[in-house]
Amino acid sequence: MTTISILLGAIAIYFTIYRLIDWRRLRNIPGPTIAGWTDAWLLRHVISGRLCTKLTDICNQYGPLVRIGPNWVVCGDPFEIQKIWGIRSGYSRAEWYKATRLNPEDDNVLTTLDNKAHHRLRALLAPAYAAKGMKDQERVVDEQIENLINLIERRYISSESILKRCNLSRVMQYLTQDIITAVGFGKATGYLEADEDFLGVLETCEKLLAPAHIIMFLPKVRRILESRFLGPLIPKPKGNRGIGGLLNLIRSHVDTRYGDAKTQKNDMLQSFVESGLRRPQVEAESLVTLFGGTDTTSTALRMTIFFLSTNVQALHRLQREVDAEVDNAARPVITDSHVKTLPYLQACIREGMRLWPQAWLCFQKFLTKIKSSAI
């Protein structure tokens, strides 16, 4: 009993000293008292789903630099954030990013932590994201917008006697999924035509969002989940529904670009293949394109439409500007260059994205000199 007591006491002393060292390192930065000793404050608001608004609240309360955990500091100063994200800032990506990968064996542009490796990978991907050498990309996008218009006219035009409700929140997800797959893989998935989440991907992703967000702040839990013992539980590319179905869909697209019967298309996937990436990397980057591009874009669309619907004056002014241009347009969907000349529409887009950024995530950066993290 005495030996066990001594052992437990030694462990308690060790953790007390360890925490004291952590606390002293950032003791000059204000914040909730408990945040200096434990991640409990941070995890509490992550689990509740209110971390995004809580970070704004504490920056208003304590100032532009606030301690929210033993090794976490949130920065609310836009000028300092620009410095932190600079190429030679001295900051690098923390393990937080690792939680965004589905395949623990292959990193992608989001999960590569080493700065030099990340810059090399970005250079390989740049031609695809800049649409270098790709023709008719605007036409491809216009086709999906026309599909959106056809869907609304076909199913959601109300009459005096019948009110037809349209879940624009979901329809915007269908639109962005079809646009990204058309531009990225040369063929739209077909959500707008089906007017349903027929692969179950959107529903699955929504269910996984909360636990995935929590795991981002628990690197030890992530390592356990990625261990060889639990590896078989990670989704595999099989079936036609859920995450497995999505991975299978991406693999089927990639399959067409390799082998004796390979095809070549004018899309992002072809650019990935020709960049020199290994095939597993091509699959990993394709998944990033689909997830990152669709969710962020649909969030921007949904929230901008939501804010406009709550401001009748702004909505009517925007309608007048758009109607005047559409009436004189020579095509069903006005051109991108034309859209950029509409001042009120551009103002609404920017204001919507200001009020509700597309990604409410922490994007943890690590500064080696003081072993602390910043957002």
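The values are calculated or read from the model by the stated rules, or taken from the named source; none is laboratory data. Since we're looking at a predicted model, the values are computed, not measured. In this analysis, Cβ positions are derived from the backbone assuming ideal geometry, glycine residues included, and neighbour counts consider all displayed protein chains. Each accessible area value is taken on the protein alone, full model and side chains, heavy atoms only, with ligands, DNA and RNA left out. Shrake-Rupley method; radii C 1.70, N 1.55, O 1.52, S 1.80 Å.
With contacts defined as alpha carbon pairs under 8 Å and 6 or more residues apart, what's the relative contact order of the chain in percent? Please report the intermediate quantities before stating the final value.
Values: 418 pairs, mean separation 73.6, N = 375.
After rounding, I find 20 percent.
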Residues in region 56-79 near a label at residue 33, defined as backbone nitrogen under 20 Å from the 7 Å Cα→Cβ point? 58-59, 61-63, 66-72
Scoring region 260-375 by relative contact order with C-alpha pairs under 8 Å, at least six apart, yields a percentage of 22
Rounded to whole Å², per residue accessible area for the chain with a 1.4 Å probe reads 60
Taking a straight Cα-to-Cα line shorter than 30 Å from residue 262, and setting aside same-chain lysines fewer than 8 residues away, one finds 132, 135, 187, 236, 238
Taking a cut-off of 17 Å, what percent of all Cα-Cα pairs in region 271-312 are separated by more than that? 51
Distance in nm between residue 145 and residue 321 label points, each 7 Å along Cα→Cβ, equals 1.5
Two-site label geometry, residue 87 and residue 218: point separation in nm, points 7 Å out along Cα→Cβ: 3.9
Under the √(5λ) rule applied to the eigenvalues of the Cα gyration tensor, what semi-axes describe the equivalent ellipsoid of region 1-85? Give them in Å, descending. 32, 15, 10
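Per the Kirkwood treatment, what hydrodynamic radius in Å, one decimal, follows for region 1-157 from the mean inverse distance over all distinct Cα pairs? Write down the numbers at each step before the final one.
Details: mean 1/r = 0.0484 Å⁻¹.
Computed over Cα pairs of region 1-157, the Kirkwood hydrodynamic radius comes out at 20.6 Å.
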May I ask for the percentage of alpha-carbon pairs in the chain that lie more than 36 Å from each other? 35
Can you give me the three principal axis dimensions of region 238-359 from its C-alpha atoms, in Å, biggest first? 57, 32, 25
Shape of region 74-187 from its Cα gyration tensor (a ≥ b ≥ c, root eigenvalues): rounded if a/c is under 1.5, otherwise prolate when a/b > b/c, or oblate? prolate
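Compute, for the chain, the length of the dipole vector about the Cα centre, with Cβ point charges of +1 (Lys, Arg) and -1 (Asp, Glu) only. Units Debye, rounded to 20. Let's see the in-between values first.
Numbers: 49 positive and 38 negative charges, 366 e Å.
Using only the charged Cβ atoms, the result is roughly 1760 debye.
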Could you give the length gained on full extension between residue 307 and residue 10, defined as 0.36 nm per residue of separation minus the Cα-Cα distance, in nm? 101.3 nm
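What's the ranking of 344-350, 319-325, 143-149 by average number of surrounding C-beta atoms within 10 Å, highest first?
Values: 344-350: 14.6, 319-325: 12.6, 143-149: 16.9.
Going from most to least packed, we get 143-149, 344-350, 319-325.
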Once label points are set 7 Å from the Cα along Cα→Cβ at both residue 256 and residue 17, what is their separation, rounded to one decimal in nm? 6.3
Among 311, 202, 3, pick out the residue whose Cα is farthest towards the positive end of the charge dipole of the chain, where Lys and Arg carry +1 and Asp and Glu carry -1 on C-beta, about the Cα centre. 3
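Could you work out the helix-only [θ] at 222 nm for the chain, with each DSSP H run of four or more residues adding -39,500 (n - 2.57) and the total divided by the number of residues, to the nearest 500 deg cm²/dmol? Let's see the in-between values first.
Numbers: 16 runs with 216 residues, N = 375.
Taken over the chain, the calculation gives -18500 deg cm²/dmol.
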Roll a 1.4 angstrom probe over the protein heavy atoms and tell me the percent of accessible area of region 117-209 that is carbon or sulfur. 53
Using a Förster radius of 25 Å, what is the FRET efficiency between residue 123 and residue 350 based on their Cβ-Cβ separation? Nearest 0.05, please. 0.30
